[in-house]
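One structure is given here, and the rest of the page talks about it.
Since every read-out is calculated from the coordinates, none of them should be taken as a lab result. Since we're looking at a predicted model, the values are computed, not measured. Glycine also receives a Cβ, built like all others from the backbone with ideal geometry; neighbour counts cover every protein chain displayed.
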Amino acid sequence: MLLRHTSKEILERKALMINPAKTCQPIGAMYAALGVHGCMPHSHGSQGCCSYHRSTLTRHYKEPVVAGTSSFTEGSSVFGGQSNLIQAIDNMFTIYEPEVIAVHTTCLSETIGDDLTQIVKKAYDDGKVPAGKHVIYAPTPSYVGSHVTGFSNMCKGIVNGFSEKTGEKRNQINILPGYVEPADMEEIKRLTTEMGIETVMFPDTSGVMNGPQTGRYHMFPKGGTTVDELKSTGDSMGTIALGSFASSLAAKFLDTKFKVPCQIQELPIGLPATDRFINSLRKMAGVNVPDSITRERGQLVDVMTDMAQYFYGKKVALFGDPDQLIALTEFLVSLDMIPVHIVTGTPGKEFTAKILELTKDQSEPVNVKAHGDMFLLHQWIKNTSVDLLIGNTYGKYIARDEDIPFVRHGFPIMDRVGHSYFPTVGYKGGLRLVEKMLDAMLDKKDRDSPEESFELVL
Amino acid sequence: MKDTQEGLAVADKTIDMDLNKIKAQILDKYPIKVARKRAKQIVVTQPGDSNTMPEIGANVRTIPGILTQRGCCYAGCKGVILGPTRDVINIVHGPVGCSFYAWLTRRNQTRPANDDSPNYMNYCFTTDMQDQNIVFGGEKKLKQAIQEAYDIFHPQTISVFSTCPVGLIGDDVHSVCREMKETLGINIFGFSCEGYKGVSQSAGHHIANNGIFKNVVGMDDTIREGKFRINLLGEYNIGGDSFEIERILNDCGISLISTFSGNSTMGQFANSHTADLNAVMCHRSITYMAEMMETKYGIPWIKINFIGAEATAKSLRKIAQYFEDEELIAKVEEVIARELPSVKVEMEKARALCEGKLAMLFVGGSRAHHYQELFGELGMKTVSAGYEFGHRDDYEGRRVIPSIKVDADSRNIEELSVEQDPEKYRLRKTEAELAELTAKGLEFSQYDGLIKEMKNNTLVIDDISQYETEKLIEAFKPDIFCAGIKEKYAIQKSGVPMKQLHSYDYGGPYAGFQGAVNFYQEIARMTNSKVWSYVKAPWEKEPELAATYALS
Ligand code: SF4
Ligand code: SF4
């Protein structure tokens, strides 16, 4: 057994986290910053954090992830990291020539109390930021929240650093896509284009984190939201923020600072949430939903009805990030499945409340925990078995030990590809999820069914 | 198979390159202060003996913003040295991330004795510090976490790792460990390996060595069976390397008391002082342990290397020579004679596909040296190499140690003062015996470093930056580049196959005889794969149109 020490008996824990279902803020901030065109993320702390964040993002995307570090030593930890950061900014602009540097803090610089507003101002004052270039920043202490919080903080940092109001309204909608894959961002853009709506989506890691092999390395590839686009977000008609944990902070900030009204809703994963997304877009932009999209929707519903028998009543355990889990839970419920164990590592009472609300009519009670961990999830599974497990790569240890069909979803996925290229948002994404779940469950059925009842057609 | 780099069949296109010019071009982009610093860490090897070997800047601070490969002290301590031991619960005291990223990502394999014996390596433990712990201190939470780990798992050993914020808020991790050790009656100890200590992972290695030496080594005096009993130091069982080495040693009749730390247990560490020889694989990360064990327990150490078929054979012979036993010497020769022919067959096959190609290696603290053996066996030339966290002695050999300046960053890392143990010290070889063996060519406590083995007119670069990596690729167009995961895809996007030498790209083992075969095949695959030929689309290759076809 891989997790041979995980027992059925659950002892309450107050201090020890075992097998986390979250990681720390800066990695989310780094990922968000990569969605700005020409941006070099920078980790203000010791170099280990940066090395870990780059490595983990790289394992997930199989793409280059560059980022700077302030390389704190013991001295900088005592006296503060101002000179390290200013030196780093100078070096990065000179050597790598990014358009933007996006600085986030780490536990270390937060604990020391480094003030990014003041240090970045000093970098500008000292002439370390070349004309036309930008330094933006966000505080991301990892002892608060999770990587999702870090993503959310950097989204706010982007607004804070770029958004402007000229007074002239623009016929465009801001979209905060949430902490999703580049493929998902691409799909959201495809859908809005299909509907004929002008949008500024940020961050946008498509084209950055799923770039082509061209035989030439470009540190700053074509993708990412441009500075000009970001500046214009203060003039947009409205903002749609997808996923409240990842996106509401920046959306609300745009609202209070520039009076750009925002609508916060679930990530468009699965049928119900995608319906709401398309409907909001329709209303906010005042456009009709084109037939092509209604057709895509119909295809998803078609497969859901065709294969309904394989979903009905199946119990599911899932772990990951709150925005994803909320949308997924709703989707599973819409498929007549029963989500029984749900864990996110990210803290948040709203999460638990929302999940309880979504599952209130189901035949089995749900175990749900925010700020939980995968050890607890595994123990729950040992007590009530499930037919399907959904989560990041770490889930494969549980899946193998317990022989559960497993669908990889979330961050990080380090042992498979596909997530950067095929979306799970939108109707197409719904189809992909349905396909993946069926593949996993039916492969097991095929493997386990006795010879006499082994079926050709399913 | 010896000296395979001599007489390359294919012309060496780098032989006349002006590397000083390339160096100057690289430095040109840097701000003056940065250029001055980096200049010391980039060295062109020169013809001549070791006296003319240039001094290289190493183990110095990384320049902020330069885009380094390096990680932190904690990564070196928890990730590298203590990660591979299966029967200890490693609690990372800090916010969640530090522990999360080190969770199973280094690929240390392990083989528990049976289905019931402890293996915690697939688990990740953290105190997941929250803001109130940062404000009010985290000692209470740590204590509680240790208690919970004990209540749930009942381990024999718990160790605790401090991350950056912990050092800053002043949690006394060691006193918590002492207290809980008393209360629970199991071995519990801590490591002050905060990420900001030192200048790289290297500081963490040292701290880990100190901690295991102080808290574990020497606790179990049982003399295990076996006539020729050794420890293997600095082998971490990435991709199963230790398993292959264990197989070979076992076939030779050499008993492995403990490996530091691939496929290891705390019990093996505790007993390791009973071995009669320490064989050091990674000079950078573990020689502290070898030296301390020599002083305290009287175990001599030699440098060996199991990367490369010829190097493996040589290392086995060295061990046999040490024991001065005819039977062992014969047995080792028998194993070598049994293993080498089939290795050689595979080597020749791969060599036919690889000969004359160029390699670059920028990784770790010993692999950038060791893997040159394998490339040499394939007839490939290493045109440029360097370490991520090596010291001058790893480049220039231990003879330079007395002349290495101890700077503030190194001074902060504790040097244990070790003395001869009044009871457990046992002289393995007298001075005279050692001298005699040395005279016969078996060097003790010696390592000549990487530079000596590089060809003339090659570039040695310490703590290489992303920019320098790109420039090297431009200048040399190597056929393969070896580094870590962070570098992998930028290099591959340039059209150059990239081999990870930390994680082996999820392959391996590459150590020993079988490992060498795996590596030959892997490099042959990587440098000859069809996939690289599709980078350009047909219309990019010949953009001119012969005729036009317009929709009307
Ligand atoms: S916080 Fe410190 S210990 Fe943790 S990863 Fe970062 S540098 Fe390393
Ligand atoms: S110190 Fe904080 S920011 Fe750095 S890796 Fe650890 S949790 Fe993340």
message: Let's test the formula: R0 of 41 Å, r as the Cβ-Cβ distance of B:His154 and B:Glu423. What FRET efficiency results, to the nearest 0.05?
response: 0.85
statement: With label points set 7 Å from each Cα along the Cα-to-Cβ direction at A:Arg170 and B:Asp16, the distance between them in nm comes to 5.7
- line: Note on the protein assembly as shown: C-alpha Rg/Rh, Kirkwood Rh, two decimals, gives 0.97
- prompt: Using the alpha-carbon atoms, what tilt in degrees (0 to 90, nearest 10) does helix A:426-448 show relative to the longest principal axis of chain A?
  reply: 50
- prompt: Lys/Arg Cβ at +1, Asp/Glu Cβ at -1, dipole of the protein assembly as shown taken about the Cα centre: which of A:Val129, A:His378, B:Ala350 is farthest positive-ward?
  reply: A:Val129
Within region B:527-545: backbone nitrogen closer than 18 Å to the B:Lys349 label point (7 Å, Cα to C-beta): B:527-530
query: Based on the Cβ-Cβ distance from B:Asp325 to B:Glu415, what FRET efficiency comes out when R0 is 51 Å, to the nearest 0.05?
result: 0.90
- line: Extension length gain for A:Ser385 and A:Asp439 (0.36 nm per residue less Cα distance), in nm, is 17.5 nm
- request: Note the per residue figure in Å³ for the convex hull of the C-alpha positions in region A:247-291.
  value: 68
task: Using every Cα-Cα pair within region B:389-496, state what percent have a distance larger than 26 Å.
output: 48
- prompt: Per-residue mean of other chain beta-carbon atoms within 10 angstrom of the beta-carbon, peptide B:460-468?
  reply: 2
message: What does the net charge come to around B:Leu328 if you take all other residues with beta carbon closer than 13 Å to its beta carbon, with K and R at +1 and D and E at -1?
response: -3
message: To check my understanding: the extent here is largest minus smallest coordinate of the Cα atoms along each principal axis. What are those three numbers for chain A, in Å, largest first?
response: 78, 55, 46
message: Given R₀ = 41 Å, what would the calculated FRET efficiency be for B:Glu540 paired with B:Lys29, taking r from the Cβ atoms and rounding to 0.05?
response: 0.90
field: B:Asp128, B:Asp87, B:Asp12 arranged by Cβ crowding within 10 Å, fewest neighbours leading
entry: B:Asp12, B:Asp87, B:Asp128
query: Under a 5 Å amide H to amide H cut-off, with H placed in plane at 1.01 Å, what residues pair with B:Val280 once short-range neighbours are removed?
result: B:Leu233, B:Ile302, B:Lys303, B:Ile304
message: Once each part is reduced to its C-alpha centroid, what is the distance from region B:130-157 to region B:408-439 in angstrom?
response: 37
field: Evaluated over region B:486-550, the Cα radius of gyration and Dmax, each in Å
entry: 18.1, 63
field: Residue-by-residue Karplus 3J(HN,Hα) for region A:124-137, coefficients 6.51, -1.76, 1.60, Hz, glycine and proline x
entry: 5, 4, 7, x, 8, 10, x, 4, x, 9, 9, 10, 10, 7
query: Which of B:Met292, B:Ala309, B:His369 sits closest to the plus end of the dipole of region B:284-408, meaning its Cα is farthest towards the positive end, when Lys and Arg get +1 and Asp and Glu get -1 on the C-beta?
result: B:His369
Reachable lysines, given that their alpha-carbon falls under 20 Å from the alpha-carbon of A:Lys8 and they are not under 8 places away in the same chain: A:Lys315, A:Lys369, A:Lys382, A:Lys396
- prompt: Taking neighbour counts of Cβ atoms within 10 Å as a proxy for exposure, in what order, fewest first, do B:Ser465, A:Ser43, B:Ser117 appear?
  reply: B:Ser117, B:Ser465, A:Ser43
field: Estimated inter-spin distance, A:Glu194 and B:Thr430, nm [label 7 Å along Cα→Cβ]
entry: 8.8
- request: Return the ratio Rg/(2.2 N^0.38 Å) for region B:73-215, where Rg is computed over Cα atoms only.
  value: 0.97
- request: Give the residue from A:Gly238, A:Pro450, A:Leu11 lying farthest towards the positive end of the charge dipole for chain A; charges sit on Cβ (+1 for Lys and Arg, -1 for Asp and Glu) and the dipole is referred to the Cα centre.
  value: A:Gly238
task: Return one number: the angle in degrees, 0 to 90 and rounded to the nearest 10, between the long axis of the Cα atoms of helix A:25-34 and the longest principal axis of the Cα atoms of chain A.
output: 80
message: For the pair B:Asn456/A:Glu452, report the inter-label distance in nm, with labels modelled 7 Å from Cα in the Cβ direction.
response: 8.2
field: Segment A:Gln309-A:Arg282, extension gain: residue separation times 0.36 nm, minus the distance between their alpha carbons
entry: 6.4 nm
message: To check my understanding: the extent here is largest minus smallest coordinate of the Cα atoms along each principal axis. What are those three numbers for region A:170-294, in Å, largest first?
response: 44, 36, 27
- prompt: Hey, what's the Cα Rg ratio for chain B versus the globular rule of thumb, 2.2 N^0.38 Å?
  reply: 1.01
field: Under 5 Å, built H, 5+ apart or other chain: amide partners of B:Phe191
entry: B:Val160, B:Phe161, B:Ser162
statement: If one compares the long axis through the Cα atoms of helix B:326-354 with the longest principal axis of the Cα atoms of chain B, the angle in degrees, nearest 10, works out at 30
- prompt: Size of the dipole of chain B about the Cα centre, Lys and Arg at +1 and Asp and Glu at -1 on the beta carbon, nothing else charged, in debye to 20?
  reply: 1360
Ranked by how many other beta carbons lie within 10 Å on average, peptides A:243-249, B:413-419 from highest: A:243-249, B:413-419
task: Using per-residue counts of other Cβ atoms within 10 Å, averaged over each peptide, order B:372-382, A:140-150 from highest down.
output: A:140-150, B:372-382
statement: Phi-derived 3J(HN,Hα) across region B:108-120 with the Karplus relation (6.51, -1.76, 1.60, θ = phi - 60°), rounded Hz, x for Gly and Pro, is 6, 8, 8, 10, x, 4, 8, 5, 9, 6, x, 8, 9
query: Got a sec to turn the phi values of region A:54-64 into Karplus ³J(HN,Hα) couplings, 6.51 cos²θ - 1.76 cosθ + 1.60 with θ = phi - 60°, whole Hz, x for Gly and Pro?
result: 4, 4, 5, 4, 5, 5, 6, 9, 6, 9, x
CD proxy at 222 nm, helix term only [per DSSP H run n ≥ 4: -39500 (n - 2.57); per residue of chain A; nearest 500]: -14000 deg cm²/dmol
field: Footprinting exposure proxy for B:Cys124, A:Cys262, A:Cys107 (fewest neighbouring C-beta atoms within 10 Å first)
entry: A:Cys262, B:Cys124, A:Cys107
